[in-house]
Amino acid sequence: KAGVTQTPRYLIKTRGQQVTLSCSPISGHRSVSWYQQTPGQGLQFLFEYFSETQRNKGNFPGRFSGRQFSNSRSEMNVSTLELGDSALYLCASSWATSYEQYFGPGTRLTVT
Amino acid sequence: SNSVKQTGQITVSEGASVTMNCTYTSTGYPTLFWYVEYPSKPLQLLQRETMENSKNFGGGNIKDKNSPIVKYSVQVSDSAVYYCLLGDCQRRRSNYQLIWGAGTKLIIKP
């Protein structure tokens, strides 16, 4: 069974730009969660989608948004990038919210 | 409100046993997950402990309960960050919360 895939793996953007990250979950998984990981803040939950609906949301500004498609693939968008948005963005999929999550390798975003 | 606390860093020598604590507060019905992050590898599930499988779990209003993970005879390759995740089911509201601990960095000295 293929694992969670994320594209791109690395990204360099400048302040003020926007970025879209993509996540393909494990086949059959309908829940996709997004996380931001930084050395200073650790692992922080962004949001979770289940069957194309946002089910849970963390404490991030509205510049961070996401969506999920009918095939469970998910995208995360960050608009008006700031230097502090530089981080590893992780995607995790699971069969449902209460089940164990399987993580992708992450997208390393650098904002200059 | 729900919360999870973990020790920041633990350093031990190879061959030792180590206990990593996860102290949580739950207002619903909890499930605990342990994940491990090895350097340059994706987070992976270590274990899951659900209310049905644990005699120590009750329903609602659990405060500062510790559910540790123990590793015996550790090796240098066990060096990683270990995360505790609390899944809290609020059945009345049909809501499920996921609360992550900050992680424990385990360093094994040869």
From phi via Karplus (6.51, -1.76, 1.60), per-residue ³J(HN,Hα) for the stretch B:98-110 in Hz, x at Gly/Pro: 10, 10, 8, x, 6, x, 10, 7, 9, 10, 9, 8, x
Rg to Rh, two decimals, where chain A supplies the alpha carbon set and Rh follows Kirkwood: 0.95
Amide proton proximity set for residue A:86, modelled H, under 5 Å, gap of 5+: A:111
Estimated vicinal HN-Hα couplings, Hz - the stretch A:45-55 in sequence order (Karplus 6.51, -1.76, 1.60; Gly, Pro = x): 6, 9, 6, 10, 10, 9, 6, 6, 10, 6, 9
Accessible area buried, both sides summed, chains A and B with 1.4 Å probe, Å²: 1300
Distance between the stretch A:24-63 and the stretch B:8-51 - C-alpha centres, whole angstrom: 20
Isolated Cys in chain B, by beta carbon distance under 4.7 Å: B:89
Tail weight of P(r) past 17 Å, computed on alpha-carbon pairs of the stretch B:1-41, percent: 49
Backbone HN-Hα couplings from phi across the stretch A:100-112 [Karplus 6.51/-1.76/1.60, Hz, Gly and Pro as x]: 4, 9, 10, 9, x, x, x, 10, 8, 9, 10, 10, 10
Members of A:13/B:105; B:65/B:109; B:5/B:105; A:57/B:71; B:41/B:105; B:41/B:65 lying beyond 25 Å, as alpha-carbon distances in this model show: A:13/B:105; B:65/B:109; A:57/B:71; B:41/B:65
Largest-first ellipsoid semi-axes for the protein assembly as shown, taking √(5λ) over the Cα gyration tensor eigenvalues, angstrom: 29, 23, 16
Positive-end extreme of charge dipole, the protein assembly as shown - chosen from B:66, A:14, A:79 (charges on Cβ): A:79
D (Stokes-Einstein, µm²/s), Kirkwood Cα radius, the stretch A:5-71, 1.002 mPa s at 20 °C: 160
Accessible area of the protein assembly as shown belonging to carbon and sulfur atoms, whole % at 1.4 Å probe: 46
For chain B: Kirkwood Rh in Å [reciprocal of mean 1/r, alpha carbons]: 14.5
Quarter of Cα convex hull surface for the stretch A:61-112, i.e. mean projection, nm²: 4.5
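The values are calculated or read from the model by the stated rules, or taken from the named source; none is laboratory data. Because the structure is predicted, anything quoted here is derived from the model rather than measured. Please note: Cβ atoms are built from the backbone with ideal geometry, for glycine as well, and neighbour counts cover all protein chains shown. Keep in mind that these areas ignore ligands, DNA and RNA; they rest on the heavy atoms of the full protein, side chains included. Shrake-Rupley method; radii C 1.70, N 1.55, O 1.52, S 1.80 Å.
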